[in-house]
Amino acid sequence: MILNLLYISISGNTRSFAKRIQQLSEAKHEKNHSFPLISIKEIHDNSTVENETTPYVVVVPTYLEGGNGLDSGDQEIMTESLRDYLTSQNEHQNFLGVIGSGNKNFAHQYCLTAKQYAEQFNVPLIADFELRGNPKEIENIYHILSDMCQKYEQ
Ligand SMILES: Cc1cc2nc3c(=O)[nH]c(=O)nc-3n(C[C@H](O)[C@H](O)[C@H](O)COP(=O)(O)O)c2cc1C
C-alpha cells in the first residue's frame, strides 16, 4: 500500500522528518513488500487544492500566537495554508489521522495544532515528535503507520 503524507514546514524540521520517514519506508518495503511505501507532498501557501483520492496522513508543526494552551485563546500562525488545504477537500474519508511536530518547552501548547486538526477533522492524533524527530521516533511512527495501513486494508 502507498500512504500519502501531507505536510507543511516553515523552518525545515517537518520536511526533514517527512524525507527520512519516506526513506525508511523504501528500505522496509524493499525487504518486505507488506510494509507500506510513504509518498510525501509538501503544502505551500500557493498550493493548488487537489482532492486527495487515496489514503493520507498529515504532519503539522505547531506555531501559535498568544494563549497558554489551557484557558486562553491561541491563534494558529504560519500553518494555516495546510488547514485551508484540508478544509477545501470535497470529503475526508481518506484522511486517516494527524501527526504533530512541536517543542516540549511549549508545555501545554506542545503539538496543540495537531490536536486541533484532529478535533476539527474528526480524525485520530496518531503520534507526536519533537523538532525533526530522532531515528527512534521515526522508526516508532513508521510502525504505527504500518499497523494502521494493515488495518485499513483488511
Ligand atoms: C514562533 C514559534 C512558535 C512556536 N510555537 C510552538 C507551540 O506553541 N507549541 C509547540 O509544541 N511548538 C512550538 N514551536 C516549535 C515548532 O513547532 C517546532 O520547532 C517544529 O518542529 C517546527 O517545524 P518546521 O521546522 O517544520 O516548521 C514554535 C516555534 C516557533 C519558531
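Just so you know, all these numbers are worked out from the coordinates, no wet-lab data involved. Small disclaimer: the values here were computed from a predicted structure and weren't measured. Here the Cβ is made from the backbone with ideal geometry for all residues, glycine too, and neighbour counts use every protein chain on show.
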- Message: As a test of the formula, what do you get for the chain when each DSSP H run with n ≥ 4 contributes -39,500 (n - 2.57) and the sum is divided by the residue count, at 222 nm and rounded to the nearest 500 deg cm²/dmol?
- Response: -11500 deg cm²/dmol
- Which of 37, 96, 82, positive extreme of dipole for region 1-145 (C-beta unit charges): 37
- Message: If you only keep lysine pairs separated by 8 or more in sequence, or across chains, how many in region 2-153 come under 21 Å at the Cα atoms?
- Response: 12
- Among 111, 24, 154, whose Cα lies farthest out toward the positive end of the dipole of the chain, if unit charges sit on the beta carbon of Lys, Arg (+1) and Asp, Glu (-1)? 24
- Query: Relative contact order (percent) for region 1-136, with alpha-carbon contacts under 8 angstrom and 6 or more residues of separation?
  - Reply: 26 percent
- Task: Could you size up the charge dipole of the chain around its Cα centre, putting +1 on the beta carbon of Lys and Arg and -1 on that of Asp and Glu, and report it in debye to the nearest 20?
- Result: 580 debye
- Query: In a shell of Cβ-Cβ distance under 12 Å around residue 64, excluding residue 64 itself, what net charge do Lys and Arg (+1) and Asp and Glu (-1) give?
  - Reply: -3
- Message: Treating the chain as a set of equal point scatterers at the Cα positions, no solvent, please give the Debye-formula log₁₀ I(q)/I(0) at q = 0.11, 0.18, 0.19, 0.20 Å⁻¹.
- Response: -0.40, -1.08, -1.20, -1.32
